[in-house]
Amino acid sequence: MNPAVRNCLYGLIILAGAGGAGYMLFGRTKENVAVNAAHFSVDGMCLACKSETKLSVPREEEAPHRCPKCGQQAVYPLWYCEDCKKRFVPVLERRDPNGPPRMPVSVACPNCRGQSVAPYIPEAQLETPAGDQPLPPWP
């Protein structure tokens, strides 16, 4: 290949790469970034209708979240125990007699009482869960 043609080809590749990087860096609108920063994704279980769902909720919104299927405010995040390899909804606390049950401050596995727990994120799981723990009762 002629050195001039090869240099031109390399220049076009570099230019295309720089253009792609510039778009990734500057091509996003501030509105999209603000929406993503203001919301987060929750993989949860509705205790009212027993349906599993994925929601996008405002960062300041505390569980329970509204279920898209039944409309009740009964969706709680699913958690995963590294010790017994099961998914669960933590044992809930009644902080306000007139309000819904809330997530505990400290989460432990209701099956093995293990502390090696984290929110369940299907995309981040390295292994398939061994099953689910029974759900907490819903009023």
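The values are calculated or read from the model by the stated rules, or taken from the named source; none is laboratory data. The structure presented is a predicted model; accordingly, all values stated were derived computationally and were not measured. All Cβ positions, even for glycine, are placed from backbone atoms using ideal geometry, and neighbour counts span all protein chains on display.
Numerical summary
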read-out: Residue under evaluation Val75, criteria (1) touching a Gly at 6+ places or on another chain (Cβ under 9 Å); (2) within 23 Å of Leu126 (Cα to Cα), criterion not met; value: (2)
read-out: Leading residue by the ranking (surrounded by the fewest Cβ atoms within 10 Å (Cβ to Cβ)) among those in segment 89-118 that are among the hydrophobic types (A, V, I, L, M, F, W, C) and closer than 13 Å to Pro77 by Cα; value: Ala118
read-out: Unique match (being in contact with a strand residue (DSSP E or B) (Cβ under 7 Å, 6 or more places away or on another chain) and not hydrophobic (A, V, I, L, M, F, W, C)) among Gln115, Gln133; value: Gln133
read-out: Verdict on Ala37 being touching a Lys or Arg at 6+ places or on another chain (Cβ under 9 Å), of a type in the set (A, V, I, L, M) and modelled with pLDDT of 95 or more; value: no
read-out: Every pair of residues 6+ apart whose Cβ atoms lie under 9 Å, when the first sits in segment 28-54 and is within 21 Å of Pro100 (Cβ to Cβ) and of a type outside the set (Ser, Thr, Tyr) while the second is in a helix (DSSP H, G or I) and modelled with pLDDT of 90 or more; value: Asp43/Pro122; Lys54/Pro122
